[in-house]
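Novice: Sharing a structure here in C-alpha cells format.
The values are calculated or read from the model by the stated rules, or taken from the named source; none is laboratory data. Only a predicted model underlies this, so the values are computations on that prediction, with no experimental measurement involved. With ideal geometry, Cβ positions are generated from the backbone for all residues, glycine too; neighbour counts draw on all protein chains shown. Surface accessibility is based on the protein's heavy atoms, side chains included, excluding ligands, DNA and RNA. Shrake-Rupley method; radii C 1.70, N 1.55, O 1.52, S 1.80 Å.
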Amino acid sequence: MNRRDFLITSSAVAGLSLMPRLSLAAAGAVDAYCGSDKNVLDFWNNTVLPGFAKAYPDIAVKLTDAGNNNGLRAIADRGLAALASKADPQADLFETFDPLLPKGGIEAGLWVKASEVKGHERVNPLAIDSDYSLPYRGSQVLLAYDTTKLAAKDAPKTWEQLVAWIKAHPGQFVYNRPDKGGSGGNFVRRAIHEVNGRDPGAFTVNNYSEAAAAKMLPPAWDVLKDLAPSLYEKGAYTAGNTQSIQLLAQGVVTMVPVWSDQVLQAIHQGVLPETTGLVQLSDLALCGGFAHATIFANGAHKDGAMALASFLLTQEIQEAVISELGGFPGVSWDHLSDAIRQKYADVIPASIPVFPSGDWEKAVNDGWYRNVAPTISRS
Amino acid sequence: MAMLSSTLPARARAPAYGGAIIGLALVAMPVLLLGWLILYPILAAIVETMFPVGADGARGFSLASYRFFFSDDYSLANLRVTLWTTCVCGLLLVLVGLPIALYLRFSRGRFASYVQALAIFPMFVPSIILSYALIRTIGPNGTVDLVLNALGLPKLPTPYLTPWGPVIGLVWDNLPLTVLMLTAGLGQISNASVEAARDVGAGPLRVLVSIILPRMGNSLLVTLSFAVLGIFSAFTLPYVLGPASPEMMGPFMERTFSDNNDPLNALTQAVISFGFCLVFGLFYVRSIARNRESRR
C-alpha cells in the first residue's frame, strides 16, 4: 500500500467513524436511553438489565447510549414532534432527564406522572423535584483532600472554616466550572446558599424571576470573586469533575469538591491514593443531585417502561446503587435492608440540599461565567 | 457539452458521450450533500438570526442579537481570544511545519521517513485523548516538571488552563496537515531551479528566500486557510485545556446552546464565526482558482 492509498483509506475510515451512529428502535423492545457517564451505563448493562430480564422475562429492553444530555434532548424533541403527529417516538424511557425540557413537553403531556409508577410512595421525599421524573439514584458533593498534607482533624467542617483554609493555603484548592460536571457547580451553589441564609428552600423550580436572581445571586459572586486569587493558579477552573480529580491525584492541589460516587470509585480503582480524605460541611452540606428517570407517555412500549421504572425502585436495585455504583438510593433509607444501612451509615447524609434545575441553573451558570470567571488576574 | 465533444475527435480515454452525464451524476452527490448539510444550515441560520420569532410569534427583521453580541464585553472577549489563538497557532504552525517540510523535501533515506511518520502521527490521536495526555505531560507536576525536577531545575509555569494550553494542543493537532500540505507545495519546486541557484553560488538561506519562498506563497496561503478554519471552530482542546474565561467560540457556542438553552444567540455566534471563516475560505478559493489559471 503506498502512501496515497494509505491516506485515502485512513481518511475514509476516519470519516466513517464520524457519521452519526444509526440507532433503529427495535420492535417489541422497550427503548431506554442513557446519557450519563460510563459507570452508569456499565451499571445498567451489568446489574439493572440482567436483573430485569430475570424478573420480567417477557419484556425485552434495548438500552442505547445517547452520549450526553444533548443527545437525549434531541430524542425528546423528536418525541414531542411524534406526540403532535401521533407517531411512534421510538423512545420509552430516559435514564435521567429533566422533564422541563423540551419546552412545552409537560403541557403537551409528553411525560408520564412519576406517581403512576408502582412503588413511587417509597421514594425519598428529599429527592423529588418534579411530578414527572422519578429519582432512582443520587450522589452528593463532598470535599476530597490529601491527608498527607492536611490532617483529618484539621479539615474544614463549616463554610467559614473552608474559606479560611482556602485563603490560608493559596493555590491548594480548585473547583470546576459549574456547568461542566456538578462538583464545582454544587460548590458554587453552596456559596449561593451561604449568602441566602443557608436555606436551600429559598430556591425552587417555580420561584425564579430575573428580579430574584438579581437580588440573590450577586452576593455569591462577590464571595467567589473574593476566593479566586487564593485558588489554584490565582483563579483557574478545571473543565470537569475528572480534571479536578486528576489535579488532586497529581498532588497539585490539596482539596477539591468531588461527587461521592466518583471519588469512591477513583479511590477503589487506585486513581486516588488510599490517603485521600473525605469531609462534608456540617453547617449545610454541599448539594447533591438525583438522577431522575422520565417515561414517555406516547411510547409504544409504555407498559414495559413502567415495569422497568418500578423495577428501578425495588430493594434489589436500590441496594445495588449503593454497593455497585457508590451512589445514594432514590428510595428512603428505611426501605433498604438493615445490613446495608449499617454498613453505609457514614455515607448516609442527614440532609441532601438540592438546587432546582431549569431557569435557576441557567442563571447560576451563565452568571458565574460572566461575573466570576473573567476576573482572573494572573499577575 | 456532450454535443460539442461528440463532434470533436474523442480523446483516447474519455468516452465521448455519456461521460458527461456520468460525470454530472458523480458530482451531483457531493454537491447535494454540500447544499443539504452546509449551505442550507448556513442560510437557515442567517435567516433565523436576522428574522427572529418575536414575542408575538411573528417573524420580523431584527439585528438585536447581533447588536447584543457586539455590545457585550463578554462575547467580544471570547471573540478576541479566538482570533488571538487562531493567529498565534497559524504563525506557530508555519514556523514549526515549514522546517519539517523542507527537511522532508530535500532529504532521502530511512531517517526522513521516520520523521515523516512522526509528523503524521498526531493525525491519528483523538483530541480528547491528546488533551488528557497534555495535562499529564505539560500540566502541573506532569512529566516535564518531573524531568526538570530530576535535573535539579525549577518547575516551569504550566500552560494548563491558560490561553496557551489550547495553543500548544492545537499546534500539535494541526501539525500533520500543515506538514503534508507544505510538503506537497514544496514538491512543485523543481530540483533543477534549486540546483541552478546553487551552481551560481547561492547558500541555503539564499535558496530559501529567493527560490523556494516566492513559489510557496500559494501553498502557504492554502495551508494557513485550512489550519485557521480548523482552529477557529476547535472545541475539545480549548474546552479541556483552556481557561474558563475568556473561552473560545467553540465552547462558547456549545454552552450558549445547551446550558443557556438559547439557540438564537448560539446561532448568532455561529454566523459571526462563519463570517470570519468565510474570509479565509475566500482566500483559499481564490488561490485555488489562481493556481488553475496559471496552469493553463
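Novice: Can you compute the FRET efficiency between B:Ile288 and B:Ser107 using 1/(1 + (r/R0)^6), with r the Cβ-Cβ distance and R0 = 45 Å? Round to the nearest 0.05.
Specialist: Details: r = 29 Å, r/R0 = 0.65.
The formula returns an efficiency of 0.95 here.
Novice: Return the sequence-ordered ³J(HN,Hα) values of segment B:130-140 in whole Hz as given by the Karplus equation 6.51 cos²θ - 1.76 cosθ + 1.60 applied to θ = phi - 60°, using x for Gly and Pro.
Specialist: Whole-Hz 3J(HN,Hα) from phi for segment B:130-140: 4, 4, 5, 5, 5, 4, 5, 8, 9, x, x.
Novice: Ok, one more. Considering only DSSP beta bridges whose two residues both sit in chain A, what percent are antiparallel, to the nearest 5?
Specialist: On the way: 21 of 31 bridges.
Here the antiparallel bridges make up roughly 70 percent for chain A.
Novice: Still on this structure, I have one more. Taking H placed 1.01 Å from N in the peptide plane, check which residues at least 5 places from A:Gly277 or on another chain put their amide H under 5 Å from its amide H.
Specialist: Those lying under 5 Å, H to H, from A:Gly277 are A:Tyr145, A:Asp146, A:Thr147.
Novice: A:Thr204 label point, 7 Å along Cα→Cβ, cut-off 14 Å on backbone N: hits in segment A:111-146?
Specialist: Counting only backbone N, you get A:128-131.
Novice: What is the ratio of the Cα radius of gyration of segment B:72-295 to 2.2 N^0.38 Å, with N the residue count, to two decimals?
Specialist: Rounded to two decimals, the normalised Rg is 1.18.
Novice: Rounded to the nearest 0.05, what FRET efficiency do B:Ala64 and A:Asp338 give with R0 = 60 Å and r taken as the Cβ-Cβ distance? Could you check?
Specialist: The computed FRET efficiency comes out at 0.45.
Novice: So what's segment A:109-258 giving for Cα Rg divided by 2.2 N^0.38 Å, two decimals? Please report the intermediate quantities before stating the final value.
Specialist: Numbers: Rg = 18.0 Å, N = 150, 2.2 N^0.38 = 14.8 Å.
With N residues counted in segment A:109-258, Rg over 2.2 N^0.38 Å equals 1.22.
Novice: Quick one: which residues, 5 or more positions from A:Val331 or on another chain, have an amide H under 5 Å from its amide H? H modelled 1.01 Å from N in the peptide plane, none for Pro or chain starts.
Specialist: Here the answer is A:Asn124, since their amide H atoms fall under 5 Å of that of A:Val331.
Novice: Give me the 1.4 Å probe accessible area per residue for the protein assembly as shown, excluding ligands and nucleic acids, in Å².
Specialist: 49 Å²
Novice: Rounded to whole Hz and in sequence order, give me ³J(HN,Hα) for segment B:68-78 from the Karplus expression 6.51 cos²θ - 1.76 cosθ + 1.60, θ = phi - 60°, writing x for Gly and Pro.
Specialist: 4, 4, 7, 10, 9, 4, 5, 5, 5, 5, 5
Novice: Quick one: if the Förster radius is 41 Å, what FRET efficiency do A:Glu324 and A:Ala81 give, using the C-beta to C-beta distance and rounding to 0.05?
Specialist: Here the calculated transfer efficiency is 0.65.
Novice: Also, I was wondering about something else. In the neighborhood of A:Asn241, defined by Cβ-to-Cβ distances under 10 Å, what is the net charge if each Lys or Arg adds +1 and each Asp or Glu adds -1?
Specialist: Charge balance near A:Asn241 sits at 0.
Novice: Something else now. Classify segment A:175-327: rounded, prolate or oblate, from the alpha-carbon gyration tensor (a ≥ b ≥ c, eigenvalue square roots; a/c under 1.5 rounded; otherwise prolate if a/b is larger than b/c)?
Specialist: Values: a/c = 2.30, a/b = 1.24, b/c = 1.85.
Here segment A:175-327 falls in the oblate category.
Novice: Obtain the nm distance between the two label points defined at B:Ala196 and B:Leu151 by a simple spin-label model: each point lies 7 Å from its Cα along the Cα-to-C-beta direction.
Specialist: 4.6 nm
Novice: With the cut-off at 1.5 for a/c, could you classify segment A:92-142 from its C-alpha gyration tensor as rounded, prolate or oblate?
Specialist: oblate
Novice: Limiting things to C-alpha atoms, what are the Rg and the maximum Cα-Cα separation (Dmax) for the protein assembly as shown, in angstroms?
Specialist: Using the Cα atoms of the protein assembly as shown, the pair Rg, Dmax is 29.0, 96 Å.
Novice: Which loop trypsin sites (Lys or Arg not before Pro) in segment B:59-113, with loop taken from DSSP, have no more than 15 other Cβ atoms within 10 angstrom of their Cβ?
Specialist: Numbers: sites: B:Arg59, B:Arg67, B:Arg80, B:Arg105, B:Arg108, B:Arg110; in loops: B:Arg108.
Listed in order of number, the matching sites are B:Arg108.
Novice: Give me the Å³ per residue figure for the convex hull around the C-alpha atoms of chain A. Don't skip to the answer; put the middle values down first.
Specialist: Numbers: hull volume 70.3 nm³, N = 379.
Given the Cα convex hull of chain A, per-residue volume reads 185 Å³.
Novice: Under 17 Å between alpha carbons, and skipping anything fewer than 8 positions from A:Lys302 in its own chain: which aspartates and glutamates qualify?
Specialist: Excluding near neighbours in sequence, the set is A:Asp31, A:Asp58, A:Asp88, A:Asp92, A:Glu95, A:Glu116.
Novice: Just how large is the dipole of segment B:27-182 about the Cα centre, in debye to the nearest 20, putting +1 at every Lys and Arg Cβ and -1 at every Asp and Glu Cβ?
Specialist: 600 debye
Novice: Counting other C-beta atoms within 10 Å, and keeping those with at most 11, which DSSP coil chymotrypsin sites (Phe, Trp or Tyr not before Pro) do you find in segment B:33-88? Could the numbers behind the result be given before it?
Specialist: On the way: sites: B:Trp36, B:Phe61, B:Tyr66, B:Phe68, B:Phe69, B:Phe70, B:Tyr74, B:Trp84; in loops: B:Phe61.
Qualifying residues, ordered by number: B:Phe61.
Novice: Can you list the aspartates and glutamates whose alpha carbon is less than 15 Å from that of A:Lys343, not counting same-chain residues fewer than 8 positions off?
Specialist: A:Glu319, A:Glu324, A:Asp334
Novice: Further, regarding this structure: Among the DSSP beta bridges whose two residues both lie in the protein assembly as shown, what percent are antiparallel, rounded to the nearest 5?
Specialist: On the way: 22 of 32 bridges.
Once the DSSP bridges in the protein assembly as shown are tallied, antiparallel ones form about 70 percent.
Novice: Please list log₁₀ I(q)/I(0) at q = 0.21 Å⁻¹ for segment B:68-191, using the Debye equation with identical point scatterers on the alpha-carbon positions.
Specialist: So the normalised log intensities work out to -1.17.
Novice: Percent of Cα-Cα pairs per 5 Å bin, from 0 to the last occupied bin, for segment A:48-108, please list those.
Specialist: Distribution as computed: 4, 15, 24, 21, 15, 13, 8, 1 percent.
Novice: Kindly flag which residue pairs out of A:Lys149/A:Lys225; A:Lys167/A:Lys234; A:Lys62/A:Lys86; A:Lys38/A:Lys103; A:Lys157/A:Lys234; A:Lys167/A:Lys225 have an alpha-carbon separation exceeding 20 Å in this structure.
Specialist: A:Lys149/A:Lys225; A:Lys62/A:Lys86; A:Lys38/A:Lys103; A:Lys157/A:Lys234
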